[in-house]
1. For region 373-388, which positions are modelled with pLDDT of 90 or more and either farther than 25 Å from residue 495 by Cβ or in a loop (DSSP other than H, G, I, E, B) (or both)?
2. When region 466-522 is examined, which residues are found to be surrounded by fewer than 18 Cβ atoms within 10 Å (Cβ to Cβ), within 15 Å of residue 254 (Cβ to Cβ) and modelled with pLDDT under 85?
3. Quick one: which of 122, 72, 110, 96 is outside the structural domain of residue 200 (by TED's automatic domain parsing), in contact with a strand residue (DSSP E or B) (Cβ under 9 Å, 6 or more places away or on another chain) and within 30 Å of residue 168 (Cα to Cα)?
4. Residue 152 passes all but one of (1) in contact (Cβ under 8 Å) with a residue 40 or more places away in the chain; (2) closer than 30 Å to residue 72 by Cβ; (3) surrounded by fewer than 19 Cβ atoms within 10 Å (Cβ to Cβ); which number fails?
5. Name, by its number, the condition in (1) over 22 Å from residue 262 (Cα atoms); (2) in a loop (DSSP other than H, G, I, E, B); (3) without any contact (Cβ under 8 Å) to a residue 40 or more places away in the chain that does not hold for residue 393.
6. Read through the list (1) modelled with pLDDT of 90 or more; (2) in a strand (DSSP E or B), then give the number of the only condition that residue 94 fails.
7. Just one of (1) surrounded by 15 or more Cβ atoms within 10 Å (Cβ to Cβ); (2) assigned to a loop (DSSP other than H, G, I, E, B); (3) modelled with pLDDT of 90 or more trips up residue 107, so point out which.
């Protein structure tokens, strides 16, 4: 007798039947499916010229057992090809087929590659490709590099890249027009010259070049797009450039007293007969004190001009010139008979301009003017300015010799009360003095020579100049006077200095200037 219960034997028997596959559950019948076929798998078109086209056909067939649903036919790649249809969506019963037309219009020279893609419900092949190849006999514009990144550049230092425009096609390329767009930091170098060459024909293999310049005038990025229109079948061909501008660093400087700007002084002296009678001694006695006062100015130099030709007597006199006082005294009235052949002796603003016009290379006063220096024109005359021009006119002419109009002052020792000289007064001179904020002394006062130092003191009056340690971006400058902001200032790039016009600044006042530092370019 078995030692296993009958119920357990029955479970074993059922399990044995299952392991031998003797189940009464039936397997499902295979599902009928569509099966796509495209023929031929590749189309090859002939060699075509620009404007020509060719159409070829491939066939889509359903070799499966269920309906084939084609949802779309697209060009997966290749701009030279397009699908003409006639149908883009259709259903094919088993055994049915549909022809599809493909058109080739060359968009590039030599081989034009592409692919037509048939999208369907074939479970094994939902995307079926037909490879496309066409040969083009056309012009083709290639711009090299097609994309360029200038990377980081420090303001204001720029960089350039050369773009090559080459015809890599088989027939002549005709460049007809171009355009360049950007945010302003990128631009073509001399676009007018390139435009002057248009229309430009390039034979196969020929090229021309243009340059794109990145000039970061401020921090920030910019993208430029160069677009060229030609008879290339593609129409407009483009190349892009990118650049990122940044400041070298930022800086904040604190001052408790004004800086001392360099000062260039032009002294002109009337050589007329009336000056001989009344003013020779006073002029000569005033010069030593004048020079002594100038020593309070850190960096000064002067021209003494008495001759018609505008050339300085004694050359350029500086703080380092031995016996500067004696040179001025001895040359103030050079000994030529007073009133003899001095057509500009009573036109001292004109004579000042003439002297400055000879400070360039090869001039008798070469090297006198310094960029960023204050220019102070001092005139000594007992008569009116007789050039026939207004004081404002001569101010405008003298301003041509400074880097900023605020850096010009005109001062004078003049007949302010019409009590001496010819009685014509200071007309012409006084207008220029008032317009530039200079100083005036009365030549009719017998003691005016003792006050001649006032002219030297006036060199810095009303001009608070602060020399920065580094060149600054003008737009970034912020000025605080005793903690209060002011915008009434000018920046002189040539000397990297800030001139504060208001508020007035006195002893122990604190000036704080913050700015972005400009890089020094090669």
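1. Result: 379, single match.
2. Result: 508, single match.
3. 110
4. Of (1) in contact (Cβ under 8 Å) with a residue 40 or more places away in the chain; (2) closer than 30 Å to residue 72 by Cβ; (3) surrounded by fewer than 19 Cβ atoms within 10 Å (Cβ to Cβ), only one is false for residue 152: (2).
5. In the conditions (1) over 22 Å from residue 262 (Cα atoms); (2) in a loop (DSSP other than H, G, I, E, B); (3) without any contact (Cβ under 8 Å) to a residue 40 or more places away in the chain, residue 393 misses (2) alone.
6. Answer for residue 94: the failing condition is (2).
7. Condition not satisfied by residue 107: (3).
Yes/no per residue for (1) touching a strand residue (DSSP E or B) at 6+ places or on another chain (Cβ under 6 Å); (2) assigned to a strand (DSSP E or B); (3) at pLDDT below 75; (4) not assigned by TED's automatic domain parsing to the domain that holds residue 454:
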position	(1), (2), (3), (4)
298	no, no, yes, no
302	yes, yes, no, no
341	no, no, yes, no
344	no, no, yes, no
358	no, no, no, no
367	no, no, no, no
371	no, no, no, no
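The values are calculated or read from the model by the stated rules, or taken from the named source; none is laboratory data. Remember, it's a predicted structure, so these values are computed and weren't measured experimentally. Positions of Cβ are backbone-derived with ideal geometry, glycine not excepted, and every protein chain shown enters the neighbour counts.
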